[in-house]
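**Student:** Here's a structure for you.
Read-outs: derived from the displayed coordinates by stated rules, not from any lab. Predicted, not measured: the structure shown is a model, and the values here were computed from it. Ideal geometry is used to build each Cβ from the backbone, glycine not excepted, and the neighbour counts take in all protein chains shown.
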Amino acid sequence: MRKAPPFPFSQWLQPKRSPDEADLAAPTAAIDVCPVDESARWKAVMASTDDAILLVDASSHILLKNPVASRLFSKASQTEKNRSERLSETLFGFTLSRELDDLFRKSHDRAVVVEAEITLTQSVSRSLHTRVAPVSSDEFLIVMRDLTELRRLERVRRDFVANVSHELRTPLTSIKAMAETLLDGARTDESVAERFLETIIRESDRLVRLSSDLLDLSRVEAMGVNREPEDIAVLLWDVCGRLMAQGEKAGVTIINEVRPPLVAEADHDEMAQVFVNLLDNAISYTPRGGSVRLYATEAADRLTIHVADTGIGILKDDIPRLFERFYRADKARSRASGGTGLGLAIVKHIVENHGGTVSVQSEYNKGSTFSVTIMRK
């Protein structure tokens with residue numbers, strides 16, 4: 001907190017009136033006494049900034065607010081019914097934020113600039129970096145910058161680092177323990193040594209898949225796609241051929257009902273990865289004796305490919321988070337099958353890079369259908 005230097009706001013504000021006299025419904029009238037060019041300049045500044053700005057008097061009555069502030073607090077100002085008109089003219093009445101009101105009173109009582117990050121609780125919680133500065137003996141400028149998206153990205157980054165650390169630590173711990181046991185003498189027992197070495201290879205393969213998926217995710221987030229006319233039907237036959245052996249080993253039948261020509265604008269390699277990931281997931285979560293079916297629906301401007309399985313399905317509560325990085329609906333089964341938890345996140349990014357959408361419909365214990373929609377041109 002520090003002493004505030006004088007700020008020339010009062011030069012372009014109308015002489016202060018009592019709350020009963022002020023026309024608070026039309027805050028821009030407060031600058032009518034200025035020269036036209038100066039008034040227009042400040043109007044443009046107030047309207048174009050991304051920050052919410054309020055000017056209040058010493059009694060916390062609002063003298064001026066910019067459009068961002070009106071939008072930011074519009075929901076708050078409508079949530080409390082049967083309020084007096086006088087209350088709605090005050091800082092708390094307009095914002096319904098005790099934190100903001102307390103910050104203002106601290107600046108008012110000490111005549112200093114105060115700054116803090118406050119939380120605005122509405123239908124969606126928002127983080128606001130707020131600065132309150134005296135601009136005269138009885139006027140205070142409040143500037144609020146919305147940091148909600150920045151804080152969300154920081155949480156995503158922290159969660160991502162924590163998840164990567166966890167996913168790396170688990171196989172590395174297993175490899176280290178097996179190697180130490182072998183060095184301690186277990187290598188002389190042929191059956192034990194063979195089992196431990198198989199585990200080391202399996203966990204090493206898991207690390208390779210994880211690093212590969214991390215690189216793929218980084219690549220699709222950072223780069224665009226090179227779209228060209230592509231026969232999606234031919235691409236799907238190639239993908240099915242690649243995963244046929246995996247399906248046979250798992251006892252899962254792959255049924256491809258997509259027939260050429262089925263042309264859309266797509267990056268061949270990226271779109272192939274989408275369906276490899278979806279088909280691999282479907283096979284992994286379908287019990288022996290089940291099936292995975294691919295079919296298409298068409299419209300004049302778009303094409304939708306469906307990957308439907310007869311697997312274990314997905315709980316309704318898990319569906320909204322299914323495309324998040326490292327999120328697993330069935331954690332134990334996913335790790336047992338060697339999944340990294342990144343496959344569907346990669347699918348989502350690639351499809352969205354194509355200007356398309358990916359969705360899922362599922363019924364627990366009855367199967368799931370993933371649908372990828374892309375534009376034909």
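**Student:** Provide the FRET efficiency to the nearest 0.05 for the residue 298-residue 219 pair, computing r from the beta carbons and using R0 = 45 Å.
**Tutor:** Computed FRET efficiency for residue 298 and residue 219 comes out at 0.90.
**Student:** Where the centre of each part is set by its Cα atoms, how far does the stretch 251-314 sit from the stretch 139-188, in angstrom?
**Tutor:** The distance from the Cα centre of the stretch 251-314 to that of the stretch 139-188 comes to 32 Å.
**Student:** Excluding residues fewer than 8 places away in the same chain, name every one of the aspartates and glutamates whose C-alpha is closer than 17 Å to that of residue 366.
**Tutor:** 309, 317, 318, 330
**Student:** Evaluate E = 1/(1 + (r/R0)^6) for residue 157 and residue 199, where r is the Cβ-Cβ distance and R0 equals 25 Å; express this FRET efficiency to the nearest 0.05.
**Tutor:** 0.15
**Student:** In addition: For a quick check: with amide H placed at 1.01 Å from N, whose amide H comes under 5 Å from residue 291's, ignoring anything fewer than 5 positions away on the same chain?
**Tutor:** Residues meeting the amide H criterion: 253, 310.
**Student:** For residue 70 and residue 259, what is the calculated FRET efficiency with R₀ set at 51 Å and r taken between the beta-carbons, to the nearest 0.05?
**Tutor:** On the way: r = 56 Å, r/R0 = 1.09.
Approximately 0.35, to the nearest 0.05.
**Student:** Still on this structure, please answer the following. Under the rule a/c < 1.5 gives rounded, and otherwise a/b versus b/c splits prolate from oblate, where does the stretch 196-296 land using the Cα gyration tensor?
**Tutor:** oblate
**Student:** For a 29 Å ceiling on Cα separation, which of these pairs sit above it: 316/348; 176/348; 65/348; 348/377?
**Tutor:** Listed pairs above 29 Å: 176/348; 65/348.
**Student:** If I model a spin label as a point 7 Å beyond the Cα along the Cα-Cβ vector, how far apart are those points for residue 170 and residue 105 in nm?
**Tutor:** That separation, rounded to one decimal, is 5.0 nm.
**Student:** Then there is this: If we count every other residue with Cβ under 13 angstrom of residue 353's Cβ, Lys/Arg +1 and Asp/Glu -1, where does the sum land?
**Tutor:** -4
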